[in-house]
Amino acid sequence: MDPILDLARPSILRNPYPAYARMRETAPVFWHELLGSWVLTRHADCLAVLTDSNRFASDWRRAGEDIPAPLLSVQTLDPPEHTAIRHLLLDGFRAQDRRALHEDLDRWIAELLAELAERPSFDFVGELAEPVALRFVTAFLGVPAPDLDWFVPMSRTVVDGMDAGLWPEKHEPAVLARARLAEYAGGWLEAPPKEGLIAHVAEHAADSGVAETVLRNSLRAVLHAGYESASRLLGNAAVALLTTPGALAAFRASPSTAVDELIRYDAPVQADARVCVTDTELGGVTMKAGDPVTLFLGAANHDPLRFGHPTELRLDRAPNPHLGFGRGAHACLGASMAIRLTGSVLGTLATDHPYARAVAEPEHRRNLTLRGLDRFEVTLRPHTGEEVTP
C-alpha cells in the first residue's frame, strides 16, 4: 500500500487526517519514489520550508528546470522577480473600497440563502459556494463574472493538474487550461475597467517592471486561486459545521476565531511544493540541491506537537498558527478576502438559518493538493415539528 496514492481512495478521501497521522508517527520526513520528492508532515518542518526561500525555491528554474511560460506567475517566481509583481498586486488590493464590496456581497448572500431556503434541499457547492466565490473575486477584480459552465470545468482542470506528480496525464491539459485562462485574463488589460484591482494594475503596469506574460499569468492566478480557495473553503467549512453537533450555534458565539479553526480543521490547500536549491539538513535527513520537497500542510495543521487535540473542531481555538494560507513570501495574497467571504456566508447561515443541516453525505473531488467537494446536499428547513425562530 502506497501512503500517498491511498489518500485518493474514497474512504480516505472523506477524512485523510488519520492517514496523515500515521505518516507523521512512522516517518515524518520520507522520500516518495513515485513523486520523486521528500514528503514533510510536521508543522515545524513545513513552516521552516515555507519561510526559507533562499534554500527552498518556488521557481524551479533555480534548480535547472525548464518551466513553460504559462506557469510563470506571482505563484511560481521567487525574489527579486516575485517582489515586483507581488507589490503591484498588493498595492492594488489595498487601493480597493472593500467596505462597499462587502456590503453588496452581504446583501446578495442573504438574498440567495433566502431563495434557497424555499426549496426542500440544494447543492451547497454548485448553487452557493461556487457562484458566490466567482461573483466575489470578479467583483473585486472589477470585471464581469464569466459563465460558470465555461469557467468551472477549466478551473477544475487546472486543479487536477496540481496532482500530476501522481497522475502525469493531468499535466498537459492543465497547462493548456492555464494558458486559456491567462489569455482570458489578459483581455482585461486591453480594455480595463474603471474600478477594481484590474484598473489599478492596468494603470501602474508600465512602471512596475513586470513582464507582460507574468502579469497576464498572475491575473489568471488571482482569478483562479481566489475562486478555488474561497469556494472549496466554503464547502469544506459547511461540512464541518453541518455534521458536527452544536457547531453551527457555536459559530455564532465566536465567528472571528471560528473561520481560522475551520481552515485549520479542513483546509482547501492540503499540499504545496518547493525545490531544494542547496544541500540542507531538515527533519533528520539531508536534502540535496535539486531535490523536490512536498509539504503536506493538511498534516501539519493536525500536528499534535503544535495543536492541542488537533482532531477536534474547536471554534474558539486561539492562538491558531495554521498553515492553511501558507507563510513567507508566497503567503496567499487573498487570504483576508477568503476569510471575510467565509465569515459572511457562514455567519448569515448560522444567524438566519439555524436549522441548516446535511441531507446527504458530502461527495469529495479526487484531488489531493487542493481539497474540495463535488456536491453537498443540504436543507435550510427545520425538521417537521421544530419551531422556526422568527
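A few notes on this one:
- If you go through the stretch 249-265 and keep only what is over 22 Å from the mean Cα position of the chain (by Cα) and part of a helix (DSSP H, G or I), you end up with 249, 250, 252, 253.
- In the stretch 33-44, the residues that are outside any loop (DSSP other than H, G, I, E, B) and either surrounded by 19 or more Cβ atoms within 10 Å (Cβ to Cβ) or of a type in the set (Ser, Thr, Tyr) (or both): 37, 38, 39, 40, 43
- When 327, 317 are checked against the criterion of being in contact with an Asp or Glu (Cβ under 6 Å, 6 or more places away or on another chain) and open to solvent by 10 Å² or more (accessible area, probe 1.4 Å), a single residue qualifies: 317.
- All positions within the stretch 273-306 that are open to solvent by less than 20 Å² (accessible area, probe 1.4 Å) and either of a type in the set (Gly, Ala, Ser) or assigned to a loop (DSSP other than H, G, I, E, B) (or both): 298, 299, 300, 301, 302, 303
- Close pairs from the stretch 200-221: first within 20 Å of residue 94 (Cβ to Cβ) and open to solvent by 20 Å² or more (accessible area, probe 1.4 Å), partner modelled with pLDDT under 90 and not in a helix (DSSP H, G or I), Cβ under 7 Å, at least 6 apart: 200/95
- In the condition set (1) within 27 Å of residue 342 (Cα to Cα); (2) open to solvent by 40 Å² or more (accessible area, probe 1.4 Å); (3) not acidic (Asp, Glu), residue 182 is compliant with all but (2).
- Residue match in the stretch 338-347 (condition: surrounded by 19 or more Cβ atoms within 10 Å (Cβ to Cβ), part of a loop (DSSP other than H, G, I, E, B) and touching a residue at least 12 places away in the same chain (Cβ under 8 Å)): no
- In this structure, residue 352 does satisfy being in contact (Cβ under 8 Å) with a residue 60 or more places away in the chain and surrounded by fewer than 16 Cβ atoms within 10 Å (Cβ to Cβ).
- Residue list for the stretch 56-82, filter: in contact (Cβ under 8 Å) with a residue 24 or more places away in the chain and either open to solvent by 80 Å² or more (accessible area, probe 1.4 Å) or in a helix (DSSP H, G or I) (or both): 60, 62, 63, 65, 69, 70, 71, 75, 81, 82
- Residue 57, sole failed condition from (1) under 30 Å from residue 360 (Cβ atoms); (2) among the small types (Gly, Ala, Ser); (3) touching an Asp or Glu at 6+ places or on another chain (Cβ under 8 Å): (1)
- Residue within the stretch 45-53 that is under 20 Å from residue 301 (Cα atoms), among the polar types (S, T, N, Q), open to solvent by 10 Å² or more (accessible area, probe 1.4 Å) and assigned to a helix (DSSP H, G or I) present: no
The values are calculated or read from the model by the stated rules, or taken from the named source; none is laboratory data. Note that the coordinates shown come from a computational prediction; the quantities given were computed from them, not determined experimentally. Note: ideal-geometry Cβ built from the backbone for every residue, glycine included; neighbour counts use all protein chains shown. Please note that ligands, DNA and RNA were not included when accessible areas were found on the heavy atoms of the full protein model with its side chains. Shrake-Rupley method; radii C 1.70, N 1.55, O 1.52, S 1.80 Å.
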